[in-house]
Amino acid sequence: MIVTTTPAVDGRKIVEYRGIVAGEAIMGANIFRDLLAGIRDIVGGRSAAWEDEIRKAREMALQEMTEHARSLGADAVVGVDLDYEVVGAKGSMLMVTASGTAVRLAQ
């Protein structure tokens, strides 16, 4: 499955649009990792805990979107957009949404 942020796949013709597809992932961060992340942010270090959570959430959202596209018989997803938002009480959870257009490509 080709997944791209561009509106087309270079060198391939889109022959059919199968619909808009999306995938979402909401990840809660462990309270101890949150505390350590806050301390590291104060001293100017990188927050590895949050970086890992963001990476996992992005991969889950893209996988869910791809599975949705596959179920529609698509070969690719074009125009992919990733959105990130902190949600929940005191920003305790991270939501990542991946969306795009499922398409069939000429062989």
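Laboratory data are not the source of any read-out in this text; all were calculated from the coordinates shown. These numbers come from a predicted model, not from an experiment. Glycine gets a Cβ as well: all are built from the backbone with ideal geometry, and neighbour counts include every protein chain shown.
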Any hit, the stretch 53-72, residues being on the phi > 0 side of the Ramachandran plot and free of Cβ contacts under 8 Å to residues at least 60 places away in the same chain: no
Of the residues in the stretch 71-107, how many are exposed (fewer than 15 other Cβ atoms within 10 Å of the Cβ) and among the basic types (K, R)? 1
